[in-house]
Structure formats: structure tokens, C-alpha cells
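Peer 1: Dropping a structure here in C-alpha cells format, bear with me for questions.
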């Protein structure tokens, strides 16, 4: 599976990443790329992180399954995300809270996940990994949607990919 992340969008929705970005754009990008590199370490998924603007300084994480793309003016990161989503189809996930990019991703057949949901899944994955190390068993019941209230196809697809991300550390 290929994950395509709206870099600054994700950074600005997490307090720790936002604090690093307040130090400098480079520090914020580096913090996000370290987080994504950790995800890629114990996953067979590939990750592409898209940022606006030209690259300043080094800093692509190693491992080959994390790619960094900087948009080239006049193209924006949103333009790059829409273009990548069109090529992903059913094999990819676009992570952004930008509604226009989410719509473009869904129209192309990719799954769209908000930055907030992605970050929550990453946090749950880290927590699950710590719980696994401590020997705890995580037996949470799936959320109920009430009688006759089945989530939309898009919502079910998003939940599947987020569950895959959350459970990745437990299934090593």
C-alpha cells in the first residue's frame, strides 16, 4: 500500500510537530519524516510526503520506502497530491485534511484519510506497541454506529487502512 501525505497539513495538526515547525520549517519537516520513517521500518507500505516549495538542506530519511517530494512553483503541494492520487487508484491512501484534495483522491479511487485520523492511528500504534512490550492485551470493542446506520463506503475504507496502520506494530 502507498501512503501519500500532505506534509505541512499533517505537521500543523499535531502539537509536537507544530512545536518543531515553530523552531524552523526544516525542524518540522525533519520531525515528520522521522515519524514516517519509524512507520516504514516495520511495515511493507511505502510513504510519500509532499511539501510546498523548494528543498532547503538535506534530510531524506533512509530506507527507500519514504520518498519526499517538494512542489515546484507554480505547482502547489495540493496539485502534486491530486496528481499522485490520480495514479494511485485503489492501491493508495491520501492523508490530508484539505477537502478539495480529499475529494480528488476519492474520485480517483484512492482512500482519503484526514491528517487528524492518521495522527490518532499513529499514536494508537505507538501505544499498542508499548502495551505489547508490557504484555497488555488490547480488547477494545469496535465502535457501534447504531441500528441502520452503516458508515459510507469511503468511511469503511478509511477505517480499514487506519486499522491496518494502528495494528501494524502488533502484527510484527
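Peer 1: Given the conditions (1) out of contact with any strand residue (DSSP E or B) (no Cβ under 7 Å at 6 or more places or on another chain); (2) under 16 Å from residue 9 (Cα atoms), report the number of the one that residue 108 does not fulfil.
Peer 2: Unmet condition: (2).
Peer 1: Something else now. Do we have residue 68 as outside any helix (DSSP H, G or I), surrounded by 13 or more Cβ atoms within 10 Å (Cβ to Cβ) and either in contact with a helix residue (DSSP H, G or I) (Cβ under 8 Å, 6 or more places away or on another chain) or at pLDDT 90 or above (or both) here? Step through it out loud before you land on a result.
Peer 2: Details: outside any helix (DSSP H, G or I): yes; surrounded by 13 or more Cβ atoms within 10 Å (Cβ to Cβ): yes; either in contact with a helix residue (DSSP H, G or I) (Cβ under 8 Å, 6 or more places away or on another chain) or at pLDDT 90 or above (or both): yes.
Here the answer is yes, as residue 68 does meet what is asked.
Peer 1: Only one of these is over 15 Å from the mean Cα position of the chain (by Cα) and either at pLDDT 95 or above or loosely packed, with under 13 Cβ neighbours inside 10 Å (or both): 86, 104, 31, 27. Name it.
Peer 2: Working: 86 fails: either at pLDDT 95 or above or loosely packed, with under 13 Cβ neighbours inside 10 Å (or both); 104 fails: either at pLDDT 95 or above or loosely packed, with under 13 Cβ neighbours inside 10 Å (or both); 31 fails: over 15 Å from the mean Cα position of the chain (by Cα).
Answer to the selection: 27.
Peer 1: So, one more: Please verify whether residue 55 is in contact with a strand residue (DSSP E or B) (Cβ under 6 Å, 6 or more places away or on another chain) and either modelled with pLDDT under 95 or more than 27 Å from residue 157 (Cβ to Cβ) (or both), treating the condition exactly as stated.
Peer 2: Taking the combined requirement at face value, the residue satisfies it.
Peer 1: Looking at the range 131-151, can you tell me whether even one residue there is modelled with pLDDT under 95, assigned to a helix (DSSP H, G or I) and surrounded by 14 or more Cβ atoms within 10 Å (Cβ to Cβ)? Even if it seems obvious, please write down each step before you answer.
Peer 2: The initial filter retains those residues of the range 131-151 that are modelled with pLDDT under 95, namely 131-151.
Restricting the remaining residues to those that are assigned to a helix (DSSP H, G or I) gives 131-134.
After this cut, where a residue has to be surrounded by 14 or more Cβ atoms within 10 Å (Cβ to Cβ) as well, the list is 131-132.
Yes: the range 131-151 contains one or more residues that are modelled with pLDDT under 95, assigned to a helix (DSSP H, G or I) and surrounded by 14 or more Cβ atoms within 10 Å (Cβ to Cβ).
Peer 1: So, in the range 7-58, exactly how many residues are touching a helix residue (DSSP H, G or I) at 6+ places or on another chain (Cβ under 6 Å) and part of a strand (DSSP E or B)?
Peer 2: Number satisfying all stated conditions: 4.
The values are calculated or read from the model by the stated rules, or taken from the named source; none is laboratory data. Because the structure is predicted, anything quoted here is derived from the model rather than measured. Here the Cβ is made from the backbone with ideal geometry for all residues, glycine too, and neighbour counts use every protein chain on show.
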